[in-house]
Amino acid sequence: MADISLTPTEAFGHQSDSRWSGLVPIGRQFLRALPLAALVLGVAVILNFALPRLAPGDPIDFLVPAEQANAISAEQREQLAGSYGLNGSEWEQFTRYLGNLVQGDLGISTRHGRPVTSLLAERLPWTLLLVGTSVLLSTLIGAALGFRSAWRRGTRSDVRTLTGVMVADSFPPFFVALLLMLLFSVQLKLLPVFGALPGTEAQGLAFAFEVARRAVLPIAALTLAGLGSAYLVARSSAVSELGEDYVTMAAAKGLDPSGVRRHARRNALVPVWTVAMLNVGALFGGAAPVETVFSYPGLGRLIYESVLSRDYPVLQGCFLLIALGVIAANLVAELVYPFLDPRVRRPGKVGG
Amino acid sequence: MSSTLKRSPGRTLGRLGLVLLALSASAAMFAPLVARHSPTRPSGLPLRRPGLGHPLGTDDLGVDIFAQLVYGARISLAIGVGAAALALAIGLLVAVVAGWKRGWAEAVLMRLTDVTLAFPFLPLVLVLAAFLGRGLVTTAVVIAAVSWARPARVLWAQVLKLREFQHVQAARAMGGSGTRIVSRHILTRLTPLASAQFVRVANAAVISEAALAFLGLGDPNQASWGIMLSNASSNNALLTGAWKWWMLPPGFALTVVVLGFAFTGYACEEWADPRLASTSGRLRFLSGPRRRPPTVAPVAPAGDPILEVRDLVVSYRRGTPPAVKGVSFEVPRGRITALVGESGSGKSTIVMGLLGLLPGDPVVQGEATFEGRKLLSAAAAARVRGRRIGLVTQAAMNALNPAYTIHAQIAEAAELTMPPDRARRRATELLGDVGLPASAHQAYPHELSGGMRQRVIIAMALANSPDLLIADEPTTGLDLVTQASILRLVQDLKDRLGLTVLIITHDVQMVLRVADELVILEDGRVVERGDASKVASAPTEDYSRRLLNTRLSPLGARA
């Protein structure tokens, strides 16, 4: 019998299975993502401080509602400047601002007279509900359509789906929201028009049902808004995976079409996941137009209200929260990569 | 399923997109001729229904809605094109400076790009616009300030690739000035990618402007489509029925412009990346019957030869000259047959054609029988693939799925003919058979060397105890020692398992060490075939002689 054992050169690249503890790759990914996260946070903090000061005119003018602008005295202006941390040198202002930030003090809303943090805490859950559900749906639907297109690439069916998704994706989300409202709330009178919470004292399941009824249309509009990017990335990453040799090998070893597709799909998931997390970040405040149409009390609607009422402390708070949201989405994305790609989980040496 | 289209959709979509954009552009250009009224000053009673004087009625201030609609095209296009031009200019500058100068400039610029990319687009635009004001120019600048990063990153990657191109390297070596090389060799080649990015930004800019305007952050002195929708919305157009002329027209107009940019952008992306455009990549084995029941192949050896090919003609698609031009050969049972030819001689195409693995819509004609049964149909090929014919595909380095362990990939193949637990035991046994230590069984492909991966693929091809093993260039890309050990392995397996083997290779000298039969191919035709030692010692054809005389240097190049 011939000697069939591994030659030294063959064995060279091999790394024996050293049973990584599951936490090591996660920690590594975390450390990898940390510098950018810190940088983004830093830029957000500085922008937040600088923007009102860069804006044309006196920051106090921003803080005072237009109709009262002429009515306040110079003394009151001083006082206001003091209460908004606008007195003293720029450096003093910046250190004071940082100090407050560290203590979780984002200031007081000029419109509501309440701490910005409590306003944000009140609105955040609704945005999370909309964003979470719609990103989940748009990713699932978009990826399913995108993969299907990729398997049928170059056929009429692929072109039809591609064109259809691009058309759907070209409707501005707030216009879709208006159309949905027109159809379901005004014409068919099936769903409520405004808000997130039922007016009645519903309890338990009935309450959940009422909340769901009010969330359906905003979620539908946001789902459509995220569908295009999910579809396109799923389609193109599956198409590029189909060009890989392991797909031919999967067919050669006798797998049926669904088995072969599973091989390609498994590897095409990474970009799909990346885009899903990008969409989470983007919708955090990007849902503003849609939330506004439905008067949905989320973060986006809060931005809109603050813009209208020139509630700049709230606007700054929103901006900071959005930055945090993006950073969180980014971190979650990084932390999941090891589960999607063994090459990230176990970066072994590739032998030749 | 319909057949593959002749052309990719990019061209058609691109034309359609340009038509849509031209439509909006002409509305913008000829607005004063088309609309009789001013888009900003009242020209009638407020909230009029559509009538003779006002085709779409008037808004709450008595301004003609039709005029707003037509003039709105100016704003959308101006914002789209203006913001995109600005963003692209910044992005291009950053990309070229970072990619060409490298060093600290690159480090700083790309970090800045990363941070900008990390911020979500619309919220950042919203907050910036809220603080910086609501003029049209401010809006365009704000959008550009947020959206230059994507073009910068994409173009930067391309500059890095381009600067390694030979003619660019040569120009640099000859001492050409940086500016000249960049403008002559780099910028011209960035055009397709840059236009794709331009259209992308324009698309996003149009939507963002509309969203800003809808949220009350638009220029109040201009009648943009977003402002029209916002006005209509705050005047309860949904409830009064005015939505028909007040909301739908601006909404659909916006959609038309965005769609125009989207279609054009898709065409540009195909232009930038021709791989996207090719339709030849369709894989037939992705369609067809869902799941075949796990079958045990009927053991009915139908005499000799095991595989017989007659007048096989293969072209990659209808209307193209064939790559395989009437090939006939036999694979005698229990022996090692080598199909030898230079690259481009059609040897791999023969095998891929026989097994139904060619991409696109190939035309495969002629006759082929395996164990006495016809082979040349999609269904027949699917029946034998992996079950009775094991294939070791070319390019073993990439023939394993990076996402699964090698053990799982072999067990999965074995599951075609046996229950899962037996398939797992079979995988372990096979990996041992091909000489992989137990410690490597749960490894992922990237953790293995090329030779080890080649062994894994051989084990995979043997999972269902096939009668015929086809190995396509099993030693290419491996070092000489590993090549020899792989060949020893194939021969050993053949002896132990009673296999028939068909090896496809360009390396005559190497394969002569194991082959019993030789089939020599030149340009899609068989020039000579017969007993390996006879052919090798006394070739009758010129071409065979020449092929047999080429020796491979240790580096793999023809000496």
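The values are calculated or read from the model by the stated rules, or taken from the named source; none is laboratory data. Computed from a predicted structure; not experimentally measured. Heads up, the Cβs are rebuilt from the backbone with ideal geometry, glycines too, and the neighbour counts pull from every protein chain shown. Heavy atoms of the whole protein, side chains included, go into the accessibility calculation; ligands, DNA and RNA do not. Shrake-Rupley method; radii C 1.70, N 1.55, O 1.52, S 1.80 Å.
Okay, here's what the table says:
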| read-out | value |
| --- | --- |
| Every pair of residues 6+ apart whose Cβ atoms lie under 8 Å, when the first sits in the stretch A:166-177 and is more than 7 Å from chain B (Cβ to nearest Cβ) while the second is buried (at least 24 other Cβ atoms within 10 Å of the Cβ) and outside any helix (DSSP H, G or I) | A:Ala177/A:Phe294 |
| Pairs with Cβ under 7 Å, 6+ apart, first in the stretch A:269-280 and closer than 18 Å to B:Leu122 by Cα, second part of a helix (DSSP H, G or I) and open to solvent by 50 Å² or more (accessible area, probe 1.4 Å) | A:Met277/A:Asn330; A:Met277/A:Val332 |
| Residue identified as in contact with a strand residue (DSSP E or B) (Cβ under 8 Å, 6 or more places away or on another chain), within 14 Å of chain A (Cβ to nearest Cβ) and either among the aromatic types (Phe, Trp, Tyr) or open to solvent by 10 Å² or more (accessible area, probe 1.4 Å) (or both) among B:Pro362, B:Pro332 | B:Pro362 |
| Residue within the stretch B:442-451 that is open to solvent by 10 Å² or more (accessible area, probe 1.4 Å), within 29 Å of the chain's Cα centre (by Cα) and under 22 Å from B:Val351 (Cβ atoms) present | no |
| Residue identified as over 14 Å from A:Val247 (Cβ atoms) and facing another protein chain (nearest Cβ under 9 Å) among B:Met418, B:Met397 | B:Met397 |
| Which listed residue is in contact with a His (Cβ under 8 Å, 6 or more places away or on another chain), at pLDDT below 90 and open to solvent by 60 Å² or more (accessible area, probe 1.4 Å), from B:Arg11, B:Arg48 | B:Arg48 |
| Filter result (under 24 Å from A:Gly132 (Cα atoms) and among the aromatic types (Phe, Trp, Tyr)) within the stretch A:219-271 | A:Tyr231 |
| Helices (runs of 4 or more DSSP H) fully within the stretch B:30-146 counting 3 or more residues that are in contact (Cβ under 8 Å) with a residue 40 or more places away in the chain and β-branched (Val, Ile, Thr) | B:65-101 |
| Test: B:Arg172 is open to solvent by 50 Å² or more (accessible area, probe 1.4 Å) and either closer than 20 Å to A:Leu51 by Cα or within 14 Å of chain A (Cβ to nearest Cβ) (or both) | no |
| Residue match in the stretch A:311-328 (condition: assigned to a helix (DSSP H, G or I), over 30 Å from B:Arg388 (Cβ atoms), touching a residue at least 60 places away in the same chain (Cβ under 8 Å) and in contact with a Lys or Arg (Cβ under 8 Å, 6 or more places away or on another chain)) | yes |
| Condition broken by A:Ala276, with the remaining ones in (1) facing chain B (nearest Cβ under 8 Å); (2) assigned to a helix (DSSP H, G or I) satisfied | (1) |
| Within the stretch B:502-553, considering residues that are at positive phi and not in a strand (DSSP E or B), the one surrounded by the most Cβ atoms within 10 Å (Cβ to Cβ) | B:Gly524 |
| Some residue of the stretch B:275-283 being free of Cβ contacts under 8 Å to residues at least 24 places away in the same chain, open to solvent by 40 Å² or more (accessible area, probe 1.4 Å) and in contact with a helix residue (DSSP H, G or I) (Cβ under 9 Å, 6 or more places away or on another chain) | yes |
| Residue match in the stretch B:120-132 (condition: within 13 Å of chain A (Cβ to nearest Cβ), surrounded by fewer than 19 Cβ atoms within 10 Å (Cβ to Cβ) and over 33 Å from the mean Cα position of the chain (by Cα)) | yes |
| Members of the stretch B:453-498 found to be assigned to a helix (DSSP H, G or I), surrounded by fewer than 22 Cβ atoms within 10 Å (Cβ to Cβ), charged (D, E, K, R) and facing chain A (nearest Cβ under 9 Å), listed by number | B:Arg488, B:Asp492, B:Asp495, B:Arg496 |
| Given (1) touching a helix residue (DSSP H, G or I) at 6+ places or on another chain (Cβ under 7 Å); (2) more than 16 Å from A:Gly300 (Cβ to Cβ), number of the condition A:Ser157 does not satisfy | (1) |
| Filter result for B:Ala152 (buried (at least 23 other Cβ atoms within 10 Å of the Cβ) and touching a Phe, Trp or Tyr at 6+ places or on another chain (Cβ under 9 Å)) | no |
| Some residue of the stretch A:264-286 being surrounded by 24 or more Cβ atoms within 10 Å (Cβ to Cβ), closer than 30 Å to B:Leu468 by Cα and modelled with pLDDT of 90 or more | yes |
| Selection count, the stretch B:186-206, where residues are open to solvent by 40 Å² or more (accessible area, probe 1.4 Å) and touching a helix residue (DSSP H, G or I) at 6+ places or on another chain (Cβ under 8 Å) | 4 |
| Breaking point among (1) open to solvent by 20 Å² or more (accessible area, probe 1.4 Å); (2) within 25 Å of A:Ala44 (Cβ to Cβ), for B:Val81 | (2) |
| Test set (1) among the hydroxyl-bearing types (Ser, Thr, Tyr); (2) in a helix (DSSP H, G or I); (3) touching a residue at least 60 places away in the same chain (Cβ under 8 Å) - A:Ser295 fails condition number | (2) |
| Some residue of the stretch B:295-304 being over 22 Å from B:Arg513 (Cβ atoms), of a type in the set (Asp, Glu) and at pLDDT 90 or above | no |
| Pair list, Cβ under 8 Å, 6 or more apart: the stretch B:229-252 residue closer than 12 Å to A:Ala177 by Cα, other residue open to solvent by 40 Å² or more (accessible area, probe 1.4 Å) and among the hydrophobic types (A, V, I, L, M, F, W, C) | B:Gly251/A:Phe171; B:Gly251/A:Leu179 |
| B:Pro466 within 30 Å of B:Glu429 (Cα to Cα) and touching a helix residue (DSSP H, G or I) at 6+ places or on another chain (Cβ under 7 Å) | no |
| Qualifying residue in the stretch A:186-197 (condition: within 14 Å of chain B (Cβ to nearest Cβ) and open to solvent by less than 20 Å² (accessible area, probe 1.4 Å)) | no |
| For B:Leu238: the one exception among (1) within 40 Å of the chain's Cα centre (by Cα); (2) in a helix (DSSP H, G or I) | (1) |
